[in-house]
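The structure under discussion appears below in the form of structure tokens.
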Amino acid sequence: MAVVSRANSDYGRFVDEVKDMSLFPLWERVGGLKPGTQCVPAHWSYAEVRPQLIRACEMVTKKEASRRVLCLENPTLRGTTFICDSLFAGLQIILPGEVAPSHRHTPSALRFIVEGEGAYTAVAGEKLPMRPGDFVVTPAWAWHDHGNHGTAPVVWLDGLDTPFARFFGAAFYEPYPEEKQPLDRPEGESISVYGMSLIPDEFHSDGHSTPVLIYPYERTRTALDSLARAGKPHPAHGFKLRYANPATGKHPFPTMAVSMQRLPPGFSGQTYRSTGSAVFAVHRGEGVARVGEQEFGIGPHDVFVAPPWQPYCFAATSELELFSYSDRAGQEALGYFREQVG
């Protein structure tokens, strides 16, 4: 947009006066509408982060921290706790015998289990045992707490749409009166009732979060096996499946899309970009991720972020599985989402 010359002293006074009134001339704006953000590609090596999680356990008690989480913070967003403009990511650790007290909040949350067994999360009255590779759903404003009945630490990736809630001024939080919520639903109910491609006749979706609260990795792996046998990999994504709300066929959350993909050994993918900010976690395997102008060697449990409209591509040294979540669901609902292959 053209900027009017300030050589005219009357015009200069005009601009100063309207700015003092909290007004701004649109024609004076520098820059315009263009895709992308100031966020940069970033990578966190799990081999480097894990020792810091163990140190946190030694230095901060569960009572002091409530939830012992190291936020993965984009270098351009220092002090926000956010991995990109629209998403939060953090690695949470819980030790044997510990309980993370029950609370609820308006941001939707997901858990992707990284390592360890014996832990659970309780969501909306249902206890959900967690194993590596599982994807756990915590709908907005649902009570949830965590515990570890095992003999070793358990670590998972937390993903939340907190920036959405803050943007709208709708970030509410409430602790439960007791440490744990009452468990009034049978263990495994959500997946046994809603996760079989059959929905109870009387069920009516709220149009928001999926009624399935956990997507076990065993089922995901079986589905990826079937997809890999059925045909050729996508030129950019390999074999990729998105987790779906069985009641609607849409994404598990109103704001976040969630996926798992498998890249065969030797796969070298085409470049892909979209307006969605995407967070990736390596479930297993090794390879290389190129995001924008940066190249990351990636291995088990590493996390990296691809900002919007930054081109990225993958190469797999061994069979590589990537869990990911993005703000695609929110963008699709608003009509903003665009993508490009090659």
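The values are calculated or read from the model by the stated rules, or taken from the named source; none is laboratory data. Note that the coordinates shown come from a computational prediction; the quantities given were computed from them, not determined experimentally. With ideal geometry, Cβ positions are generated from the backbone for all residues, glycine too; neighbour counts draw on all protein chains shown.
Quick look at the numbers
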| read-out | value |
| --- | --- |
| From the options A257, A165, A230, A236, residue that is surrounded by fewer than 17 Cβ atoms within 10 Å (Cβ to Cβ) and aliphatic (A, V, I, L, M) | A230 |
| Test: residue in region 21-41 that is under 26 Å from D161 (Cβ atoms), small (G, A, S) and outside any loop (DSSP other than H, G, I, E, B) | no |
| Residue identified as assigned to a loop (DSSP other than H, G, I, E, B), touching a strand residue (DSSP E or B) at 6+ places or on another chain (Cβ under 9 Å) and without any contact (Cβ under 8 Å) to a residue 40 or more places away in the chain among P75, P96 | P75 |
| Any hit, region 268-285, residues being part of a loop (DSSP other than H, G, I, E, B), surrounded by 24 or more Cβ atoms within 10 Å (Cβ to Cβ) and either of a type in the set (G, A, S) or modelled with pLDDT under 95 (or both) | yes |
| K63 more than 21 Å from the chain's Cα centre (by Cα) and closer than 30 Å to Q331 by Cβ | no |
| In region 47-74, residue farthest from A278 (Cα to Cα) [restricted to those that are in contact with a Lys or Arg (Cβ under 8 Å, 6 or more places away or on another chain) and basic (K, R)] | K62 |
| Complete set of residues in region 108-138 that are part of a loop (DSSP other than H, G, I, E, B) and over 19 Å from Y243 (Cα atoms) | G116, E117, G118, A124, G125 |
| Pairs, first at positive phi and touching a residue at least 12 places away in the same chain (Cβ under 8 Å) in region 264-289, second polar (S, T, N, Q) and surrounded by 19 or more Cβ atoms within 10 Å (Cβ to Cβ), C-beta under 8 Å, six or more apart | none |
| Looking only at region 161-186, and only at residues there that are closer than 14 Å to L87 by Cα and among the small types (G, A, S), the one that is nearest to the chain's Cα centre (by Cα) | A165 |
| Scope region 22-57; condition out of contact with any His (no Cβ under 7 Å at 6 or more places or on another chain) and hydroxyl-bearing (S, T, Y); matching residues | S22, T37, S45 |
| Residues satisfying the stated conditions in region 290-325, i.e. under 20 Å from F112 (Cα atoms) and part of a strand (DSSP E or B) | I298, V303, F304, V305, A306, L320, E321, L322, F323, S324, Y325 |
| Residue in region 178-185 that is surrounded by fewer than 22 Cβ atoms within 10 Å (Cβ to Cβ) and touching a Leu at 6+ places or on another chain (Cβ under 7 Å) present | no |
| Scope region 316-333; condition over 19 Å from the mean Cα position of the chain (by Cα) and over 20 Å from P132 (Cβ atoms); matching residues | T317 |
| Residue list for region 227-259, restricted to those being among the hydrophobic types (A, V, I, L, M, F, W, C), in a strand (DSSP E or B) and under 18 Å from T317 (Cα atoms) | F239 |
